[in-house]
1. Considering only the stretch 12-122, give the helices (runs of 4 or more DSSP H) lying wholly within it that have at least 2 residues that are within 20 Å of MET1 (Cβ to Cβ) and out of contact with any helix residue (DSSP H, G or I) (no Cβ under 7 Å at 6 or more places or on another chain).
2. From the list PRO108, PRO84, which one is modelled with pLDDT of 95 or more, out of contact with any Gly (no Cβ under 8 Å at 6 or more places or on another chain) and loosely packed, with under 13 Cβ neighbours inside 10 Å?
3. Name every residue in the stretch 19-38 that is among the small types (Gly, Ala, Ser), more than 16 Å from ILE102 (Cβ to Cβ) and either touching a Phe, Trp or Tyr at 6+ places or on another chain (Cβ under 7 Å) or touching a residue at least 12 places away in the same chain (Cβ under 8 Å) (or both), in order of residue number.
Amino acid sequence: MIIVSGDAYVDHPAFGAAVIGRIIESEGLLVGIIPQPNWRDDLRDFKKFGAPKLFFGVTSGCMDTMVNHYTANKRRRNNDAYTPGGEAGYRPDYSTVVYSNIPKDLYPEVPVLIRGVEAILR
């Protein structure tokens, strides 16, 4: 399986992609994790592992992307707490939707499962 996450990869129990990856790996399955993939270019981040045998697991990360991108006054934030260096712009608005549409287009025969804060809210 391949996990696509809007957060940078941090191997810590506070980050869901790492926890799920470790649990599935402990069951003897191979897991690939794509942290903060570039959705604007030739989509090579989504192609580097090829098609998974089971499914793509997609999450926006630890925080809803709209909360991460905008203040309560609808002003754009200048930083991203879940990106190295705090740089903004490494994930799209509504990243679960964007990240799940790309594997559906590239590998239409592979199921895409979504989970996380953003998937629950929408």
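The values are calculated or read from the model by the stated rules, or taken from the named source; none is laboratory data. What you are looking at is a predicted structure, and each value in this text was computed from that prediction instead of being measured. Here the Cβ is made from the backbone with ideal geometry for all residues, glycine too, and neighbour counts use every protein chain on show.
1. On the way: elements: 16-26, 44-47, 65-69, 95-106, 117-121.
Because the criterion is at least 2 residues that are within 20 Å of MET1 (Cβ to Cβ) and out of contact with any helix residue (DSSP H, G or I) (no Cβ under 7 Å at 6 or more places or on another chain), the helices (runs of 4 or more DSSP H) in the stretch 12-122 that meet it are 16-26, 44-47, 95-106.
2. Working: PRO84 fails: modelled with pLDDT of 95 or more.
Exactly one of PRO108, PRO84 is modelled with pLDDT of 95 or more, out of contact with any Gly (no Cβ under 8 Å at 6 or more places or on another chain) and loosely packed, with under 13 Cβ neighbours inside 10 Å, namely PRO108.
3. Within the stretch 19-38, the first condition is being among the small types (Gly, Ala, Ser), and the residues that meet it are 21, 26, 28, 32.
Those still in the list that are more than 16 Å from ILE102 (Cβ to Cβ) too: 21, 26, 28.
Once the filter is applied, which keeps residues that are among the small types (Gly, Ala, Ser), more than 16 Å from ILE102 (Cβ to Cβ) and either touching a Phe, Trp or Tyr at 6+ places or on another chain (Cβ under 7 Å) or touching a residue at least 12 places away in the same chain (Cβ under 8 Å) (or both), the stretch 19-38 yields only GLY21.
Yes/no per residue for (1) over 25 Å from GLU109 (Cβ atoms); (2) modelled with pLDDT under 95; (3) touching a strand residue (DSSP E or B) at 6+ places or on another chain (Cβ under 9 Å):
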position	(1), (2), (3)
ILE3	no, no, yes
ALA18	yes, yes, yes
ASN38	no, yes, no
ASP64	yes, yes, no
HIS69	yes, yes, yes
ALA72	yes, yes, no
ARG75	yes, yes, no
ASP80	yes, yes, yes
